[in-house]
Amino acid sequence: MLGNLRAPDGVMSRLIDEAAIQDMQDSMAVGPADMTTDPANCRDLLKAGELLDYRIPTAAAVLGPQANMSVIMASSDDSGYFWQGMYSIGKVLGYCTEVTISSGNQSVHSSLMRLNMDLHGSKSFAYVTTITGSGSPIHVLRMVTMSGNLFVTGVHPLPDARPADAVIRELSSYVNAIVDHAGDQLPTIPATKQPTPPQTGNPA
């Protein structure tokens, strides 16, 4: 299904291989493993809400030019790890909309703005992340939804913190298409070892 997505100009999506998916997951991570946050309890919530894990089967595709590219990822997780991550996103959007993220002697500020979206699936979120550090601010639109053991994420870079209606419609159409047609043709995903569900309770 990911390979059948089309951009508004009719150009087909481009599937990416497993190595490129791992590189992309590294670039999309909130911060390094040694990061700290202020408020402190937002660290684990932000990491869990990434919905990124090499051990969970994931397929991904890109649409559009490099400078204005949408990324769509579809993951199949029976372990409950991403399910917990979805609830962490909800907590982040409730309690961690303004966070300072530090690693070593460097720090950035993360601001989140939630959007009201009609995303398909049993639980969904849409929001804009703005990262402010020493350089120019980085703005990213992210949409996440789950349906059973299928988790779909759409990401699109923005020139500012206010996404245009056309960008919102485009990204949501990709995410909803994967959910709506998952029963017809599930994404082709590599068979990798499923993670062991966390032994502790929900992140705090």
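The values are calculated or read from the model by the stated rules, or taken from the named source; none is laboratory data. Please read these numbers as outputs of a predicted model, since none were measured by experiment. Here the Cβ positions follow ideal geometry from the backbone for every residue, glycine too, while neighbour counts run over all protein chains shown. Ligands, DNA and RNA are excluded from the accessible area calculation, which covers all protein heavy atoms including side chains. Shrake-Rupley method; radii C 1.70, N 1.55, O 1.52, S 1.80 Å.
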Q.
Mean-square fluctuation check for the chain, GNM, Cα pairs under 10 Å: which of Pro157, Pro32, Pro57 is largest?
A. Pro32
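Multiply the residue separation of Ala40 and Met28 by 0.36 nm, subtract the distance between their alpha-carbon atoms, and state the gained length in nm to one decimal.
Numbers: separation 12, 0.36 × 12 = 4.32 nm, distance 2.08 nm.
That pair, Ala40 and Met28, stretches by 2.2 nm at full extension.
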Q) Just the accessible area per residue of the chain, please: how many Å² with a 1.4 Å probe? A) 51
Q) What distance in nm separates the simple spin-label points at Thr130 and Arg162, each placed 7 Å from Cα in the Cβ direction? A) 1.1
Q. Could you give the dipole magnitude of the chain about its Cα centre, charging the beta-carbon of Lys and Arg +1 and that of Asp and Glu -1, in debye to the nearest 20?
A. 220
Q.
How far apart, in nanometres, would the label points at Gln106 and Asn149 be if each is projected 7 angstrom from Cα along the Cα-to-Cβ direction?
A. 3.8
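Counting only protein heavy atoms and using a 1.4 Å probe, what share of the accessible area of the chain belongs to carbon plus sulfur, as a whole percent? Mind showing how you got there, number by number?
Values: 5430 of 10410 Å².
Whole-percent figure for carbon plus sulfur exposure: 52.
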Q. Separation of the stretch 105-142 and the stretch 7-48 by C-alpha centroid, Å?
A. 12
Q.
I need the Kirkwood Rh of the chain: take the reciprocal of the average 1/r across all distinct C-alpha pairs and report it in angstrom.
A. 17.3
**Q.** Dipole-positive endmost among Ala161, Tyr87, Gly3 within the chain (Cβ charges, Cα centre)
**A.** Tyr87
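Once R0 is set to 22 Å, what does the formula 1/(1 + (r/R0)^6) return for the Cβ-Cβ distance between Leu15 and Tyr54, expressed as a FRET efficiency to the nearest 0.05?
Numbers: r = 18 Å, r/R0 = 0.81.
According to the calculation, E is roughly 0.75.
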